[in-house]
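To start, the structure under review is shown below, and the notes come after it.
The values are calculated or read from the model by the stated rules, or taken from the named source; none is laboratory data. Model, not experiment: these values are computed from the prediction. Heads up, the Cβs are rebuilt from the backbone with ideal geometry, glycines too, and the neighbour counts pull from every protein chain shown. Quick note on the areas: whole protein, heavy atoms, side chains included, nothing else; ligands and nucleic acids left out. Shrake-Rupley method; radii C 1.70, N 1.55, O 1.52, S 1.80 Å.
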Amino acid sequence: MKITVQREFFWKTNTPFSPELIRLGRNSTCGPERPGTDTQMVLSAGLQECGTESRIYGDWLLYSNQLLLFPAVLPTATGSMIVRGVTTVIPVECYYERKQNIKGEPLMPTWIPMTSTIRGFGLLHFSLRIMADECTSARSSSVFQQGEAVFLEATVDSPLHPPLTLYVDHCAATMKPDPVSEPRYSFITKHGCLMDSVLPGSTSRFLPRKQENRLCFSVQAFQFSKTPVDQMFISCHLKAVLKQSSHSHLDKACFFHRPTFSWRATDGNSAVCECCHSDCLSLDEEENRGDATSLQIGETLEADRTVGPLHTLERSHWTGRLSVNH
């Protein structure tokens, strides 16, 4: 593998342009080739050197490592030392298709730069689909009775991206595929608050995660009042963030737990759900302040997905919520 690092990269991280500060592999001594130039440094290594790991992912053979840029330790006029910058870790991956004819020319790997991996929507696949049996299988029918739980599963997939956590930022039910058409019932709002779970008798909720890149939730089937059409479409805004240990008011999956009369998070940190009963939007500015390294852990990828039409049948003796006024 051959990695070229431009001088501008050091400027963006406020780090001196010095080959001693960059390494390939967390526990290796693999540095840039020398001599370098005034504008770039080049690191070269074999696919099994410098701590590079290999694994099989479906039809791909992946080689992965980390490029590390260390902070500079500089002396001051008083003789003390200061540290400029922070350690920056950049995942690098090289992948080969496993199903190729290797009798011809040598296979050329495909490289996806970190900037493309983070920002490239073409590398990610977002989906939203109707499920059955608490999201254990796909549902073949789109017909529901009023009050029946409609299970929906949102996913994001990409074999070439660092691990992602998926959130459902907001959802609305409409009579037309257009998510901003009227009448409209917004049942997930405030960056992941399932407001339909607050209504009396509601069983709507987020289900516990089985995978970070998947999120399942339910909403009770209903009909819009004063309309002769029994169909509806569900549109959701999906958001994926780099997997991290902490959650925020902007990245959450919360539902109202009626036995304890409190909001709960499906990820366990229910403190981020406290704003669901007030206004989570006022916290946006505060949480977006961040530092210069927030791009590495806070970059988001987003997409809108719609399912439908769903058809809701009346249930004459049902005693729960029958309709949504508009």
Any residue in the range 132-139 that is buried (at least 19 other Cβ atoms within 10 Å of the Cβ) and outside any loop (DSSP other than H, G, I, E, B)?
no
State whether one or more residues within the range 17-34 are in a strand (DSSP E or B), in the same structural domain as ILE90 (by the TED database) and aromatic (Phe, Trp, Tyr).
no
Filtering the range 218-238 down to residues that are among the hydrophobic types (A, V, I, L, M, F, W, C) and within 16 Å of the chain's Cα centre (by Cα) yields CYS236, LEU238
Condition check: open to solvent by 70 Å² or more (accessible area, probe 1.4 Å) and either under 27 Å from CYS193 (Cα atoms) or modelled with pLDDT under 75 (or both). Does PHE126 satisfy that?
no
So, in the range 173-203, exactly how many residues are small (Gly, Ala, Ser) and open to solvent by less than 10 Å² (accessible area, probe 1.4 Å)?
3
Restricted to the range 242-262 and to residues being at pLDDT 85 or above and in a strand (DSSP E or B), the residue surrounded by the most Cβ atoms within 10 Å (Cβ to Cβ) is CYS254
If you scan the range 177-203, which residues turn out to be in a strand (DSSP E or B) and aliphatic (A, V, I, L, M)?
ILE188, LEU194
Determine if the range 204-213 includes at least one residue that is assigned to a strand (DSSP E or B), surrounded by fewer than 20 Cβ atoms within 10 Å (Cβ to Cβ) and of a type outside the set (Gly, Ala, Ser).
no
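Let's see how each residue does on (1) open to solvent by less than 70 Å² (accessible area, probe 1.4 Å); (2) among the basic types (Lys, Arg); (3) modelled with pLDDT under 70:
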position	(1), (2), (3)
ARG34	no, yes, no
GLN40	yes, no, no
LEU47	yes, no, no
GLU53	no, no, no
ILE56	no, no, no
LEU61	yes, no, no
LEU67	yes, no, no
VAL73	no, no, yes
THR78	no, no, yes
Please state which of the following conditions GLY201 fails to meet, knowing it meets all the rest: (1) touching a Cys at 6+ places or on another chain (Cβ under 6 Å); (2) closer than 26 Å to ARG139 by Cβ.
(1)
Every residue from the range 141-194 that is under 24 Å from GLN223 (Cβ atoms) and among the basic types (Lys, Arg)
LYS176, ARG184
